[in-house]
Amino acid sequence: MPGPAVSVRGLVKRYGATTAVDGIDLEVPAASVLALLGPNGAGKTTTVEICSGLTAADAGEVRVLGRAPSSEAVRARIGAMPQGGGAYPGVKAGEMLHLVASCSANPLDPDWLLDVLGLREHARTTYKRLSGGEQQRLALACAIVGRPELVFLDEPTAGMDPQARHLVWQLVTSLRRDGVAVLLTTHLMEEAEALADDVVIIDHGRVVAHGSPAQLTAGDQQELRFRARPGMDLDHLDTRLPVGYATSETLPGRYLVQGRIDPAALSAITSWCADQGVMADDVQVARRSLEDVFLDLTGRELR
Amino acid sequence: MSTPPPTFTEGTFAPNPARGPLLGMLRAQAGIETRLALRNGEQVLLTLLIPVVLLFGLSLIPLLPVPPSQVAQPRVGSVLPSILALAVMSSAFTSQAIALGFDRRYGVLRRLAATALPRWLLVTGRLVAVLAVVVIQVVLLCVVAALIGWRPSEMAGGANLLGAAVSVLLGAAAFGALGILLGGTLRAEIVLALANVIWFVLLLAGGIVIPLSMLPGPIAVVAQFLPSGALAEALRATMVEGAAPGTGPVLVLVGWAVVAGLVAARTVRWR
């Protein structure tokens, strides 16, 4: 069993008085996908730039494929998609991909890659004339053209339309299947849920939660929301529900029950409403999403 | 995209990483940077068109004073060294600084720093591309000069072409290091403005079109320590007098190359 592709312990990075990364730990096992999830400014990009050797850490230990991240031996084995891509402004898309391919001994066929990423008709378009989404796709092509065993993707689907995003998801899934480890950042919940084996949620440079999407949105952490008359006495409801349920009035007249929402729990809630002589309206049962997890942990919306 | 996304057969992305051959990387990077320099209209204007036009103009129209020792020669013989110095300054310094400034803006250094391309090769590739452009400039300007009457063998001492080639190389090193220093540290717009202003000032007052001996005293004193003055004087000494480039100009060019190179190595930002 090979060691982890990426291992980060106590990573700290400061820019002047600002601490961008404040003691992050994470580990990307070989051939798995880890999503670094958080709002803008959470420290995702800084973390990925340090791991891909573009920025030096101020403190902490970072091992990439068992070595220091900036070593040339490591850079020959990884592929990186820096945020916003990067190319000569006047270079043609095809030329840029061929240049990056020439840095590897056994690259994928650049023309094939342009084709599958929908860039064939833009192969002779200069970089500065590509749309944001096209630049993103070129950057992704540059990241994977060298057949790396570890790929860093910083906001890989930012600025892409849904079809392109779906294509990128397919690509990441195929990379993982073929044994490539992927560390990606995103602020899209559905992206993390769809792609990642592990999710690390960061905010203000710290890890606020980590686990698989299933663990983070664990099955018994369901919730039920309904509307009814404001100010009802929830203590009475609590006595009717088994231990392990949480009830709250999130806004006047809006109620939230968190816990395992089974028929017995639903029955207890509706009979309590009947006792109060109110009609529960707009009843919704939902599995917690990563979005809810993030909101619970930070008290803020992700976007 | 109207077609459905492709499905990737298993093993398509099976890892097989290894660094490419160094020579191949160098060829690819230097090749692209040379092509970009020759494709960019503003850079071509600066590096090829203006020098050729000035070579013609200053050779055919008696605008500039000619040193007394050379009045018997065709004007092009005394104009060509000035224009070669201008050409080297245009490509190695101004054009390269501007290109580097915008390359940084568009993130290409970060992009390439994330590949297996070693950092030293990244710099080498840029320098090779600059040299390629300089070679093209020198060949073009010498051919044009020959067409309008330049005969190196008929110069006073027979032109020292090897010495001239060494001078061009030293000039490219000095201006190249300065160009990397300027383009690698400041914002693209500021680089654009500064590189052009410096080009213009050095062209007129830096000893390029007006030889040091014809510049007003205080300006001449300063200009002999500038890379422009040193390169132009070295080229005049070798191409017109058939002499060696001269210790002074060589030391000045080497000095600028070393100092600017060392400062650049410490301060150039990769983004």
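The values are calculated or read from the model by the stated rules, or taken from the named source; none is laboratory data. Note that the coordinates shown come from a computational prediction; the quantities given were computed from them, not determined experimentally. We place every Cβ from the backbone using ideal geometry, glycine too, and count neighbours over all the protein chains shown. Areas reflect the complete protein model, heavy atoms only, side chains present, ligands, DNA and RNA absent. Shrake-Rupley method; radii C 1.70, N 1.55, O 1.52, S 1.80 Å.
For the stretch B:24-42, a tally of residues being under 25 Å from A:Val151 (Cα atoms) and either at pLDDT below 90 or more than 7 Å from every other protein chain (Cβ to nearest Cβ) (or both) returns 1. When the stretch B:95-114 is filtered for residues that are among the β-branched types (Val, Ile, Thr) and open to solvent by 10 Å² or more (accessible area, probe 1.4 Å), only B:Ile98 remains.
Summed over the stretch A:73-90, residues that are open to solvent by 40 Å² or more (accessible area, probe 1.4 Å) and either in contact with a Cys (Cβ under 8 Å, 6 or more places away or on another chain) or in contact (Cβ under 8 Å) with a residue 12 or more places away in the chain (or both) total 3.
Scanning the stretch A:225-260 for residues that are open to solvent by less than 30 Å² (accessible area, probe 1.4 Å) and within 26 Å of the chain's Cα centre (by Cα) gives a single hit, A:Gly259. If you go through the stretch A:268-285 and pick out every residue that is open to solvent by less than 70 Å² (accessible area, probe 1.4 Å), closer than 15 Å to A:Thr247 by Cα and not β-branched (Val, Ile, Thr), you end up with 4.
Taking the criterion of being more than 12 Å from B:Ser78 (Cα to Cα) and over 19 Å from the mean Cα position of the chain (by Cα), the residues of the stretch B:205-223 that qualify are B:Leu212, B:Ser213, B:Met214, B:Leu215, B:Pro216, B:Gly217, B:Pro218, B:Ile219, B:Ala220, B:Val221, B:Val222. For A:Asp154, the criteria (1) charged (D, E, K, R); (2) modelled with pLDDT of 90 or more; (3) open to solvent by 10 Å² or more (accessible area, probe 1.4 Å) hold in every case but one, which is (3). When the stretch A:172-224 is limited to residues that are within 26 Å of A:Val145 (Cα to Cα) and among the small types (Gly, Ala, Ser), the one that is surrounded by the fewest Cβ atoms within 10 Å (Cβ to Cβ) turns out to be A:Gly179.
Among the candidates A:Ser70, A:Ser52, single out the residue that is surrounded by fewer than 22 Cβ atoms within 10 Å (Cβ to Cβ), of a type in the set (Gly, Ala, Ser) and over 27 Å from A:Thr298 (Cα atoms).
A:Ser70
Scanning the stretch B:91-130 for residues that are away from every other protein chain (no Cβ under 14 Å) and among the small types (Gly, Ala, Ser) returns B:Ser91, B:Ala92, B:Ala97. Answer yes or no as to whether A:Ala42 is touching a residue at least 40 places away in the same chain (Cβ under 8 Å) and in contact with a His (Cβ under 7 Å, 6 or more places away or on another chain). Spelling it out, A:Ala42 is indeed touching a residue at least 40 places away in the same chain (Cβ under 8 Å) and in contact with a His (Cβ under 7 Å, 6 or more places away or on another chain). Filtered by the rule that a residue be in a loop (DSSP other than H, G, I, E, B) and either more than 7 Å from every other protein chain (Cβ to nearest Cβ) or within 21 Å of the chain's Cα centre (by Cα) (or both), the stretch A:58-90 gives A:Asp58, A:Leu65, A:Gly66, A:Ala68, A:Pro69, A:Ser70, A:Ser71, A:Pro82, A:Gln83, A:Gly84, A:Gly85. The C-beta contact set for the stretch B:99-114 (first residue without any contact (Cβ under 8 Å) to a residue 40 or more places away in the chain, second residue small (Gly, Ala, Ser) and not in a loop (DSSP other than H, G, I, E, B), distance under 7 angstrom, 6+ apart or interchain) comprises B:Ala114/A:Ala80.
Among the residues that make up the stretch B:36-47, is at least one of them surrounded by 13 or more Cβ atoms within 10 Å (Cβ to Cβ), in contact with a Gly (Cβ under 7 Å, 6 or more places away or on another chain) and in contact (Cβ under 8 Å) with a residue 40 or more places away in the chain? There is at least one residue in the stretch B:36-47 that is surrounded by 13 or more Cβ atoms within 10 Å (Cβ to Cβ), in contact with a Gly (Cβ under 7 Å, 6 or more places away or on another chain) and in contact (Cβ under 8 Å) with a residue 40 or more places away in the chain.
Note on the stretch A:140-181: among residues that are part of a loop (DSSP other than H, G, I, E, B) and at the interface with another protein chain (Cβ under 7 Å from one of its Cβ atoms), the one that is farthest from A:Asp198 (Cα to Cα) is A:Gly146. Of all residues in the stretch B:130-153, those satisfying the criterion of being modelled with pLDDT under 95, among the small types (Gly, Ala, Ser) and part of a helix (DSSP H, G or I) are B:Ala145, B:Ala146, B:Ser153. Taking every residue in the stretch A:91-114 that is more than 8 Å from chain B (Cβ to nearest Cβ) and pairing it with any residue that is open to solvent by 30 Å² or more (accessible area, probe 1.4 Å) and in a helix (DSSP H, G or I), at least 6 positions away or on another chain, the pairs with Cβ-Cβ distances below 7 Å are A:Ala93/A:His122; A:Pro110/A:His98; A:Leu114/A:Arg120.
Does A:Arg137 meet the test of being more than 9 Å from chain B (Cβ to nearest Cβ) and buried (at least 24 other Cβ atoms within 10 Å of the Cβ)? Against the criterion (more than 9 Å from chain B (Cβ to nearest Cβ) and buried (at least 24 other Cβ atoms within 10 Å of the Cβ)), A:Arg137 qualifies. On the given criteria, is B:Val133 buried (at least 21 other Cβ atoms within 10 Å of the Cβ), more than 14 Å from chain A (Cβ to nearest Cβ), in contact (Cβ under 8 Å) with a residue 60 or more places away in the chain and out of contact with any Phe, Trp or Tyr (no Cβ under 9 Å at 6 or more places or on another chain)? When the stated conditions are applied, B:Val133 passes them.
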